[in-house]
Every structure is written in structure tokens, then in C-alpha cells.
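The values are calculated or read from the model by the stated rules, or taken from the named source; none is laboratory data. Given the structure is predicted, the values throughout are model-derived calculations rather than measurements. Here the Cβ is made from the backbone with ideal geometry for all residues, glycine too, and neighbour counts use every protein chain on show. Areas reflect the complete protein model, heavy atoms only, side chains present, ligands, DNA and RNA absent. Shrake-Rupley method; radii C 1.70, N 1.55, O 1.52, S 1.80 Å.
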Amino acid sequence: MRKQILIVGAGFSGMWAALSAARLLEKEANPNIDITVIAPQPELRVRPRFYENAVETLVAPLQPLFDVTGVNFLRGTVSQILPASKEVSCTDASGETRLQRYDRLVLASGSHVNRSQVAGAQAHAFDLDQLESAAVLEKHLQSLASQPESEARNTVVVCGGGFTGIEMALELPGRLRDIFGAEAKTRVVVVERGPQPGSRYSNALRNVIVEASAELGVEWQVNADVESVNASGVTLKDGRTIASQTVIWTVGVQANDLTTQIDAPRDRQGRLHVNANLQVVGYDDIYATGDVAYAATDDKGNHALMTCQHAILLGKFAGNNAAASLLDVAPLPYRQENYVTCLDLGAWGAVYTEGWDQQVKLTRAEAKKLKLSITRELIYPPKADKAVAFEIADPLAPFV
């Protein structure tokens with residue numbers, strides 16, 4: 001019987017896992033192993049750009065790329081993992097439930113925002129979590145111009161001051177000007193649990209965030225926790241309220257719930273602990289990658305973050321190593337020594353840092369140019385050219 005590498009998810013990590021596995025199979029001239037990707041659609045949704053306008057255009061087709069590289073695609077949604085029988089249960093495009101067997105499973109099912117811990121957030125807050133929810137937010141923002149003018153209409157509250165919250169918040173002044181006109185008085189407020197804006201980042205990066213926020217008029221409510229959200233706005237735990245028709249939730253990111261079906265250690269975000277080869281602890285035949293993997297990037301105590309930057313390389317190593325284990329080829333231990341950030345700061349520009357200590361290297365227009373290059377070119381899938389795709393899919397190829 002032919003061997004089967006099954007990849008759950010077609011995001012950055014799942015796509016690169018498939019291409020990396022296909023690359024190694026061709027290199028080893030082994031035609032007796034199939035690679036199948038299961039996902040709701042054969043497209044890459046460019047999630048790092050969901051704070052932008054025209055969100056429904058931020059997708060890239062994957063079927064031509066899979067066709068030319070010999071990767072099978074199964075349109076469906078996985079609901080259950082059955083490690084004992086080496087199968088997953090999924091609902092296919094026709095609505096039928098079916099079992100799909102595997103010899104090696106690569107779990108690349110991503111993450112989601114959890115709003116269930118705060119009263120009213122599920123019903124009344126928007127998010128950028130998925131293409132569909134980001135599109136709902138965009139449609140809502142555009143509809144505000146037809147609403148009667150009020151403080152609540154003209155105020156947007158962003159809950160959470162992490163990277164997603166910052167990029168969304170600093171993009172909003174420009175978007176609101178486009179919606180209401182340049183003369184409208186608008187307000188963007190970031191609610192942040194920490195003691196200062198960007199408090200979890202380096203002093204150098206934090207100073208840039210503060211400067212950009214001040215120049216764009218973005219307010220920060222620090223040392224603040226959200227008690228509840230309703231149709232009128234948010235109530236903070238200290239009793240203060242902020243009137244707003246638009247509350248955007250960006251905190252509480254958790255690994256996909258499929259991780260709970262594997263009896264293995266997980267971190268507080270639900271990510272499965274993996275070894276250097278990205279095998280789930282206790283399961284030689286299951287690999288975790290991207291946002292579902294708690295993976296050491298180096299020997300200094302750093303671990304991969306839930307970012308596109310880490311997901312891409314994690315996918316390349318996971319796919320390679322899943323194929324290597326079936327080919328009796330030595331695996332490649334995952335390493336990602338270099339860490340950079342490139343944070344979009346709206347009309348102010350952007351900021352680019354290097355290293356885990358986040359040394360600021362570029363700001364404003366220079367950093368913005370780099371940010372656009374990354375998000376509009378670098379992270380997109382390669383052309384439907386097998387040679388080019390396989391060259392980039394090599395885990396040891398230079399990675400920017």
C-alpha cells in the first residue's frame with residue numbers, strides 16, 4: 001500500500017509543509033508516497049494583512065501550485081484526529097463525513113481568537129481572526145458613514161496592544177478619514193493591560209510605537225482590563241466606559257482545538273510540545289507546525305511565536321521531516337536563530353527590528369517600504385513552477 005503524508009491546513013505552515021515534503025520525495029526519487037492537504041479551500045489566506053482594506057482580495061490560489069508539485073488537495077474540514085488508528089475524520093465538500101488514513105500526520109491547523117472569557121465580546125466585538133470575520137469588520141466600518149453622527153459612531157476601541165492590535169489601531173485614523181471625511185473628529189483607543197504602550201517590547205521599539213501613536217492621535221488606555229462589551233461600547237474593570245459602535249478584539253489567541261485531541265503536553269495557548277524534528281511529544285508519526293507547535297527556535301530558550309515568519313520555516317522543516325521519516329533519511333532539526341519584526345504603523349510608516357532584543361534598524365518610510373515588500377511579495381506562494389517552488393521549499397535555503 002502506498003504511504004500517505006496527510007497535512008491538515010493550507011495556511012503558511014501547511015502549504016510549505018506540503019511543498020517541502022514533495023521536494024524531498026522528488027529528490028529521493030520515491031514515487032510510492034502520496035501527499036494530501038486537507039483544508040476548506042485550496043487558497044492561502046494572507047492573514048498578516050487582514051487589518052487592511054479590501055480584505056476579501058487577500059488570498060492566493062494554491063491549486064496550480066499543488067498540481068505542478070504533485071500535491072493532492074482534499075476540500076474538507078477535519079473534526080477529529082484518531083491517533084490509535086492513524087486516521088482523521090473530516091467533512092468533505094459534499095457534506096459527507098469520511099475517514100482519511102495517514103502514515104504521517106502534519107497538523108498545521110492554525111489558531112483562533114478566544115473571546116469567550118469576557119462578557120459580551122463574542123456577540124458585540126469584531127476581530128481580524130479569519131477572512132470572513134475581517135470582511136464583516138470592513139463592511140461594518142464602511143457602513144458607519146450612513147449612521148447618525150455621535151461619539152460612539154466615531155470611536156473605535158481596539159482591545160489588546162500586541163502586534164495585531166497596534167497595526168489595526170494605527171491603520172484606523174486613515175481609514176476613518178476616508179469614511180467620514182478629513183474634517184470629522186474621530187477617536188481610536190487601544191485598551192492595554194500592560195503599564196505602557198508596547199510594554200512587552202524593547203525600549204527602542206516601544207518608543208517608536210509611542211511616537212507614532214501620538215503623531216496619529218491614537219490613544220492608549222494602559223493598566224486596563226475589559227470587563228464587558230455591549231452594543232454601546234466597553235466597560236473596563238475599574239468601572240470606566242468607552243462609548244463605541246466598533247470594538248475590535250485582538251487578544252486571547254489560542255491554537256486550533258484539534259490539539260486537544262492528542263494526548264500530549266501543551267502550553268497555555270494550547271500549542272503542542274514538539275521535539276527538534278517537530279514531532280509531537282510521544283507520537284513519532286504526528287508532526288505539529290505553525291501556530292499549533294510549541295517549538296524551540298534555538299538553544300537560548302526562545303520559542304517560535306504565532307507569526308507568519310515562524311510558520312513558514314516551521315512548515316518547511318515539518319514537511320521535510322515527515323517525508324524523511326518514511327524514506328529512512330536523516331531529519332533536519334528545526335532551527336530559526338534569526339528573529340526580526342516589521343510592524344506597520346499606518347500613515348506614520350513602519351518600524352523594523354532585528355534580534356529577540358528588538359534592536360530598531362529602520363523606521364518611517366524606509367521600514368514601510370520593507371513592510372510592503374514582505375507582506376505583498378515575500379510571504380506569497382511561489383509561482384506554479386516546480387523547480388522554483390522546490391528551491392524555496394528547502395528548509396536550509398536562505399530565509400529572509
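Would you please name the residue that is nearest to residue 6 (Cα to Cα), looking only at residues in segment 285-299 that are in a loop (DSSP other than H, G, I, E, B) and in contact (Cβ under 8 Å) with a residue 60 or more places away in the chain?
Taking segment 285-299 and keeping what is in a loop (DSSP other than H, G, I, E, B), we get 285, 289, 295, 297-299.
Restricting the remaining residues to those that are in contact (Cβ under 8 Å) with a residue 60 or more places away in the chain gives 285, 289.
On the way: 285: 11, 289: 13 Å.
My answer is 285.
Would you mind stating whether residue 96 is over 23 Å from residue 311 (Cβ atoms), assigned by the TED database to the domain that holds residue 24 and without any contact (Cβ under 8 Å) to a residue 12 or more places away in the chain?
yes
Just checking, which of 57, 77 is over 30 Å from residue 372 (Cα atoms) and open to solvent by 50 Å² or more (accessible area, probe 1.4 Å)? Give the derivation first.
Numbers: 57 fails: over 30 Å from residue 372 (Cα atoms).
Sole residue among the options that is over 30 Å from residue 372 (Cα atoms) and open to solvent by 50 Å² or more (accessible area, probe 1.4 Å): 77.
Sort out for me the strands (runs of 3 or more DSSP E) sitting completely within segment 149-261 that have 1 or more residues that are open to solvent by less than 10 Å² (accessible area, probe 1.4 Å) and on the phi > 0 side of the Ramachandran plot.
Where strands (runs of 3 or more DSSP E) fall fully within segment 149-261 and carry at least 1 residues being open to solvent by less than 10 Å² (accessible area, probe 1.4 Å) and on the phi > 0 side of the Ramachandran plot, they are 233-236.
Name the single residue, out of those in segment 24-49 being within 17 Å of the chain's Cα centre (by Cα) and part of a helix (DSSP H, G or I), that is farthest from residue 316 (Cα to Cα).
49
Given the structure, is residue 376 of a type in the set (Lys, Arg), outside any strand (DSSP E or B), within 26 Å of residue 286 (Cα to Cα) and open to solvent by 40 Å² or more (accessible area, probe 1.4 Å)? Break it down stepwise before answering.
On the way: of a type in the set (Lys, Arg): yes; outside any strand (DSSP E or B): yes; within 26 Å of residue 286 (Cα to Cα): no; open to solvent by 40 Å² or more (accessible area, probe 1.4 Å): yes.
Considered against the rule, which asks whether it is of a type in the set (Lys, Arg), outside any strand (DSSP E or B), within 26 Å of residue 286 (Cα to Cα) and open to solvent by 40 Å² or more (accessible area, probe 1.4 Å), residue 376 comes out as no.
What number goes with the only condition from (1) under 15 Å from residue 107 (Cα atoms); (2) open to solvent by 10 Å² or more (accessible area, probe 1.4 Å); (3) in contact with a helix residue (DSSP H, G or I) (Cβ under 9 Å, 6 or more places away or on another chain) that residue 40 does not pass?
For residue 40, the failing item is (3).
For the subset of segment 111-148 comprising residues that are charged (D, E, K, R) and more than 17 Å from the chain's Cα centre (by Cα), which member is surrounded by the most Cβ atoms within 10 Å (Cβ to Cβ)? Even if it seems obvious, please write down each step before you answer.
Filtering segment 111-148 for residues charged (D, E, K, R) gives 115, 127, 129, 132, 138-139.
Going one step further and asking which of them are more than 17 Å from the chain's Cα centre (by Cα), we end up with 138-139.
Numbers: 138: 20, 139: 11.
Filtering segment 111-148 for residues that are charged (D, E, K, R) and more than 17 Å from the chain's Cα centre (by Cα), the one surrounded by the most Cβ atoms within 10 Å (Cβ to Cβ) comes out as 138.
What pairs come up if the first residue lies in segment 14-34 and is without any contact (Cβ under 8 Å) to a residue 40 or more places away in the chain, the second is in a loop (DSSP other than H, G, I, E, B), and their beta carbons are under 8 Å apart, counting only those six or more places apart or on different chains?
Between residues of segment 14-34 that are without any contact (Cβ under 8 Å) to a residue 40 or more places away in the chain and residues that are in a loop (DSSP other than H, G, I, E, B), the close pairs are 32/2; 34/2.
Would you kindly identify the strands (runs of 3 or more DSSP E) lying entirely within segment 300-369 that contain at least 1 residues that are more than 30 Å from residue 37 (Cα to Cα) and open to solvent by 60 Å² or more (accessible area, probe 1.4 Å)? So that I can check it myself, show each step before the final result.
Values: elements: 340-344, 350-354, 359-363.
Per the criteria, 350-354, 359-363.
Are any of the residues in segment 141-164 acidic (Asp, Glu) and within 20 Å of residue 251 (Cα to Cα)? First the steps, then the outcome.
Going residue by residue through segment 141-164, those that are acidic (Asp, Glu) are 149, 151.
Cutting the leftovers down to within 20 Å of residue 251 (Cα to Cα) gives us none.
No; the residues of segment 141-164 include none that is acidic (Asp, Glu) and within 20 Å of residue 251 (Cα to Cα).
Looking only at segment 50-78, count how many residues are assigned to a strand (DSSP E or B) and under 22 Å from residue 34 (Cα atoms).
From segment 50-78, those assigned to a strand (DSSP E or B) are 59-61, 72-78; that's our starting set.
Next cut, under 22 Å from residue 34 (Cα atoms) only: 61, 72-78.
Final tally of qualifying residues: 8.
Taking segment 118-148 on its own, how many of its residues are in a strand (DSSP E or B) and of a type in the set (A, V, I, L, M)?
As a first pass, look at segment 118-148 and keep what is in a strand (DSSP E or B): 119, 126-127.
Those left that are additionally of a type in the set (A, V, I, L, M): 119.
Count: 1.
Does residue 88 count as touching a Leu at 6+ places or on another chain (Cβ under 6 Å), touching a residue at least 12 places away in the same chain (Cβ under 8 Å) and among the hydrophobic types (A, V, I, L, M, F, W, C)?
Details: touching a Leu at 6+ places or on another chain (Cβ under 6 Å): no; touching a residue at least 12 places away in the same chain (Cβ under 8 Å): yes; among the hydrophobic types (A, V, I, L, M, F, W, C): yes.
No.
Between a residue in segment 102-125 that is on the phi > 0 side of the Ramachandran plot and among the β-branched types (Val, Ile, Thr) and any residue that is crowded, with 24+ Cβ neighbours inside 10 Å and in a loop (DSSP other than H, G, I, E, B), which pairs come within a Cβ distance under 6 Å, given they are 6 or more apart or on different chains?
Here the result reads none, with nothing in segment 102-125 linked to a residue that is crowded, with 24+ Cβ neighbours inside 10 Å and in a loop (DSSP other than H, G, I, E, B).
Any idea how many residues of segment 272-284 are open to solvent by less than 20 Å² (accessible area, probe 1.4 Å) and outside any strand (DSSP E or B)?
1
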